[in-house]
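A short worksheet on the structure shown next.
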Amino acid sequence: MEKKSFVIVDAYGFLFRAYYALPGLSTSYNFPVGGVYGFINILLKHLSFHDADYLVVVFDSGSKNFRHTMYSEYKTNRPKAPEDLSLQCAPLREAVEAFNIVSEEVLNYEADDVIATLCTKYASSNVGVRILSADKDLLQLLNDNVQVYDPIKSRYLTNEYVLEKFGVSSDKLLDAMALTGDASDNIPGVPSIGVKTAAKLINEFGSLDNVLNSVEQVAQKKCRDMLTEYADRAILSRDLISLCHDVEVEGDLEKYAKRVPDPVKLMAFLEKYELTSLEGKVAKYCKMVAAPIQSSEVVKKENEKCIDKLEEFLEQCQRSGLLGLYIEVEQGFISTIFAACDETRSFTVSSPEKVQKFVAAVTPILHSDSVLKVVYDAKSMMQFFPELRAFDDIMIMSYSLDTGHHDHGFDSMSQRHLGQIFGITNGCILIRLHRVIMRKLFSAKLYTVYYTLERPLVPVIYELEKTGIKIDTELLKQLSDEFSLSISNLEEEIFGLAGCKFNIASSQQLGKVLFEHMRIGGAKKMPSGSYCTNAEVLTALALDGVEVADKILKWRHFTKLKSTYTDALVRQVDANTGRVHTKYSMTATATGRLSSSNPNLQNIPIRSKDGEKIRSAFIAEKGHKLIAADYSQMELKILAHIADVKAFRQAFAEGLDIHVVTAQQIFGEYYEIDYELRRRAKSINFGIIYGMGSYGLARNIGISRREASEYVEQYFQYYPEIKRYMETTKAYAKKHGYTITAFGRKCFIEGINSPKRALSSVAERAAINAPIQGTAADIVKKAMVRLQDRLTQGTMLLQVHDELLVEVPEEHVLSVARLMKEVMESAVVFSLPLDVNISVGDNWGDMVEIEV
């Protein structure tokens, strides 16, 4: 009887080596494919010259396994795989499925354990196993029926090879490696024992056990002492390196019989990843003549298949390396689940019993790094699947692609990227959207924004929302009463000045009272014919000495604080936690900034006494403190960096007060720069960033427009780089429709080329500000992700503009404060350093700045 051949492919070991052989290969849309190309090329070459009656590709499950339980430091020193390598894991699975090759992976075991089990089950005098790998751990499996072949170097790793490299035969390799350890996996071994010493000991005594039982016979004293002291380490190392031979793998040998691939699916895969140079080899492998390549859009809606059995569906997900998942929620519970394992195969459940069964069955995949989960709104999904890992969120991907440009709702996205609105009827639409948006991200060179800034932030924001912050409801009720009294008093004063009673909250009534009844000048009418009574109009009137306008502004201030905060916050306290859980949107702004709602914490007045009073209602738990870390003059430093403002950079480098420096240049050094002049200079510095012209500046600091124009002119004379930055940024935005942050985010500017001057002026101001504010937002996001990874003694609670708020046990205040300062200041390397101010207190409104 002719001996059959069973080829076992070590998937990731193969991919990693292929990747490093072709690290720069990518598609026209900048998606890396070198590893996948190398994998397919080498596999085809091997199968062309070597028989394979049975064939399997074995994947690592990506989960922790029994070795981590035995030794917590196992593999902890391994560096994270390069981003462009990790991206190729899912396409690799697609390739294996397209070739119709059976794949195996088992949760809580490594690929090596599955390979060892397959060897033990099937290697015999009738079946020869050939392992395609260069992993030295697999060399312990060598015997008369098991070979290890390195396909990249085209050579068998025989017993002679093991003897030459390790000094022992393959049956003794495990014991020798137990002595040397393995630095790549952080396996300790015995200190000071290298390959030669280990080989000498094992060959002399026959086994590790004999060595340890005969330590006194070891000639060299240092070696003898090490073996005595670290005998336990040697035994532990052997257990860690030893492969498991009894992993539960379903099916018999015929399960792995080599299958004929589907040429259409294979060609579609090659076109998708632009691997068309492999078409000839693939055609030959498929025993087919070269034919016109079919379109990759063979995957159409009419070809979709709904899988009925849950077990079959999850198995297909493991094989494809993909799980598309979309959930519909009703009354706080999952009502329907739409899932897919690729663009053609879906699975849908809607009854409570089936939903519960699906959730239980899919959980191991959600926790696994080896299957990419494609979802919509991962943050919301984490309420039901908090351990979601290895995911892509198409909503966040869409925002990374089109920051500030489009709506990122599901219908809008499908219309924009797939050409028509697809309601969620199955999970295949998720996978299609993922493919299209991913390709666009790479084409636009925006994948890094998504991968390094946005996606890692999702679980951080989820934790912030879940944690919330404790509220002093009694203080809020007191403040509400205070504000009510102020509102009542202001109403009496307003009615007295107006000479009549009216509804102050009604813009229509207010306009008529001010401009008809009181005959105040400066009236502006809106297209509707009503008088304009917005803050801009009222502020201008107040600056002109119209007392009633000033009173109305104060009335609006207190009514907003009362309705939005003191009253609303009490209602928003969660009855179970006693905390307020604000909701953050990651896709709402045009610059990458986060926004919050219910409550909107970012609109609490920062520099007013009333705002501080409201902040004082945000308190720490008993035995804890709040730490606030706030970037100092962050946006001005970003402006100095991106516009190369030399005077700014010099002032910051020398530790000078930048607003005093600006005041001296505008008002003259002979002026004594008092509080008022510094305030004006500060308004100019920040007003310029926001594109404020002379009219806005005049209104803001209470001077004439002529004076404001002179100030702006002097400002640009001293800081010509800022003027140049503004003009070039506006020109760039007009040409491209967007501006770019220091991290490469594209902030799309609506209306920048509008023929209406009012709209284009607003857009120009937005264009000037977007690179600065967007860069600041990106820096804060990087800091949040880094801080969450390292924050073990405290809990991050809030992010408000350039500030992070953490709750920490009192005994850890100093160490956490130092950590926050270090992490935030090192989040980015600029031409001038960022500084972070640290404050500590029992509540958010009454905090004391500390030096750390």
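The values are calculated or read from the model by the stated rules, or taken from the named source; none is laboratory data. As the structure is a prediction and not an experimental result, all values here were calculated from the model. Because the Cβ atoms are built from the backbone with ideal geometry, glycine has one as well, and the counts that use them run over all protein chains shown.
In table form, for the structure just shown:
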{"quantity": "Per-region count, segment 79-134, residues outside any loop (DSSP other than H, G, I, E, B) and either in contact (Cβ under 8 Å) with a residue 60 or more places away in the chain or crowded, with 21+ Cβ neighbours inside 10 Å (or both)", "calculated": "34"}
{"quantity": "Selection within segment 26-51 - of a type outside the set (Val, Ile, Thr), surrounded by fewer than 19 Cβ atoms within 10 Å (Cβ to Cβ) and part of a loop (DSSP other than H, G, I, E, B)", "calculated": "SER28, TYR29, ASN30, HIS50, ASP51"}
{"quantity": "When residues of segment 421-450 are limited to those that are of a type in the set (Phe, Trp, Tyr) and in contact with a helix residue (DSSP H, G or I) (Cβ under 6 Å, 6 or more places away or on another chain), the one farthest from LEU87 (Cα to Cα)", "calculated": "PHE422"}
{"quantity": "In segment 342-365, the residues that are touching a residue at least 40 places away in the same chain (Cβ under 8 Å) and either of a type outside the set (D, E, K, R) or not assigned by TED's automatic domain parsing to the domain that holds GLU312 (or both)", "calculated": "THR344, SER346, PHE347, THR348, PHE358, ALA361, VAL362, PRO364, ILE365"}
{"quantity": "Odd one out for GLU73 among (1) assigned to a loop (DSSP other than H, G, I, E, B); (2) buried (at least 20 other Cβ atoms within 10 Å of the Cβ); (3) over 24 Å from the mean Cα position of the chain (by Cα)", "calculated": "(2)"}
{"quantity": "TYR273 being farther than 15 Å from LEU55 by Cα, at pLDDT 85 or above and either over 37 Å from the mean Cα position of the chain (by Cα) or surrounded by 14 or more Cβ atoms within 10 Å (Cβ to Cβ) (or both)", "calculated": "yes"}
{"quantity": "The listed residue being β-branched (Val, Ile, Thr) and closer than 28 Å to TYR695 by Cα, out of THR559, THR539", "calculated": "THR539"}
{"quantity": "Segment 348-378: number of residues that are in contact with a Lys or Arg (Cβ under 9 Å, 6 or more places away or on another chain) and farther than 28 Å from LEU15 by Cβ", "calculated": "1"}
{"quantity": "Hits in segment 52-65 (condition: out of contact with any helix residue (DSSP H, G or I) (no Cβ under 7 Å at 6 or more places or on another chain) and either crowded, with 22+ Cβ neighbours inside 10 Å or in a strand (DSSP E or B) (or both))", "calculated": "SER61"}
{"quantity": "Any hit, segment 674-685, residues being within 21 Å of ASP802 (Cα to Cα), touching a residue at least 24 places away in the same chain (Cβ under 8 Å) and either of a type outside the set (Asp, Glu) or in contact with a Cys (Cβ under 8 Å, 6 or more places away or on another chain) (or both)", "calculated": "yes"}
{"quantity": "Residue check for ASP789: at pLDDT below 95, under 29 Å from LYS622 (Cβ atoms), surrounded by fewer than 22 Cβ atoms within 10 Å (Cβ to Cβ) and among the charged types (D, E, K, R)", "calculated": "yes"}
{"quantity": "Restricting segment 489-536 to residues that are touching a Lys or Arg at 6+ places or on another chain (Cβ under 8 Å) and assigned to a helix (DSSP H, G or I), the residue that is nearest to ARG699 (Cα to Cα)", "calculated": "GLU536"}
{"quantity": "Any hit, segment 413-428, residues being under 28 Å from the mean Cα position of the chain (by Cα), among the β-branched types (Val, Ile, Thr) and either closer than 30 Å to PHE743 by Cα or at pLDDT 95 or above (or both)", "calculated": "no"}
{"quantity": "TYR20 vs. criteria surrounded by 15 or more Cβ atoms within 10 Å (Cβ to Cβ) and assigned by TED's automatic domain parsing to the domain that holds LEU85", "calculated": "no"}
{"quantity": "Helices (runs of 4 or more DSSP H) fully within segment 614-692 counting 3 or more residues that are buried (at least 17 other Cβ atoms within 10 Å of the Cβ) and among the small types (Gly, Ala, Ser)", "calculated": "675-689"}
{"quantity": "Subset of segment 543-575 (residues that are among the aliphatic types (A, V, I, L, M) and surrounded by 19 or more Cβ atoms within 10 Å (Cβ to Cβ))", "calculated": "VAL546, VAL548, ALA549, ILE552, LEU561, LEU569"}
{"quantity": "Failed item, numbered, when ASN598 is tested on (1) surrounded by fewer than 21 Cβ atoms within 10 Å (Cβ to Cβ); (2) out of contact with any strand residue (DSSP E or B) (no Cβ under 9 Å at 6 or more places or on another chain)", "calculated": "(2)"}
{"quantity": "From the options LEU561, LEU538, LEU553, residue that is without any contact (Cβ under 8 Å) to a residue 24 or more places away in the chain and within 24 Å of ARG615 (Cα to Cα)", "calculated": "LEU553"}
{"quantity": "Cβ pairs under 7 Å, 6+ apart, first in segment 409-433 and in contact (Cβ under 8 Å) with a residue 12 or more places away in the chain, second surrounded by 14 or more Cβ atoms within 10 Å (Cβ to Cβ) and acidic (Asp, Glu)", "calculated": "ASN426/GLU304; CYS428/GLU304; CYS428/GLU343; ILE431/ASP342; ILE431/GLU343; ARG432/GLU343"}
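The rows are residues; the columns are (1) of a type in the set (Val, Ile, Thr); (2) touching a helix residue (DSSP H, G or I) at 6+ places or on another chain (Cβ under 6 Å).
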site	(1), (2)
GLN714	no, yes
ILE722	yes, no
ALA731	no, no
HIS736	no, no
THR741	yes, yes
ARG745	no, yes
PHE748	no, no
ILE752	yes, yes
ARG757	no, no
